[in-house]
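**Q** Questions regarding the structure given below will be posed in turn.
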Amino acid sequence: MNITDFVGGWGPSVAGGFIGFFVLSMVWTFLWKGLALWYAARRGEKGWFIALLIINTLGILEIIYLFAVVKIHQNASVGHENSKKQ
């Protein structure tokens with residue numbers, strides 16, 4: 001069995017491109033999913049944690065959660081300003 005049998009005759013260049021895209025999308029998803037799951041666990045949001053764990057959207061749901069629900073940029077700047085005041 002060679003690679004052309006696997007891809008149905010499309011050739012190794014298409015198979016290599018698909019495998020590269022697949023690996024890149026897995027890395028992208030794992031990074032966003034890990035960060036979103038970490039924030040959901042730290043905030044005690046069980047519903048979000050379960051949804052983020054089960055639903056796979058190539059990082060879209062995770063990005064929405066991080067920037068719309070958690071608002072990580074605002075929380076980071078507010079926490080930094082509060083520490084200066086004390």
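Every read-out reported here was derived from the displayed coordinates using simple, explicitly stated rules and does not represent laboratory data. Please read these numbers as outputs of a predicted model, since none were measured by experiment. Note: ideal-geometry Cβ built from the backbone for every residue, glycine included; neighbour counts use all protein chains shown.
**Q** For segment 16-58, compute Rg over Rh where Rg is the Cα radius of gyration and Rh is the Kirkwood radius from the inverse mean 1/r over Cα pairs.
**A** Values: Rg = 12.5 Å, Rh = 11.1 Å.
Result: Rg/Rh = 1.12.
**Q** Moving on to the next point. Can you compute the FRET efficiency between Ser13 and Ile60 using 1/(1 + (r/R0)^6), with r the Cβ-Cβ distance and R0 = 30 Å? Round to the nearest 0.05.
**A** Working: r = 29 Å, r/R0 = 0.96.
Taking R0 as 30 Å, the efficiency between Ser13 and Ile60 is 0.55.
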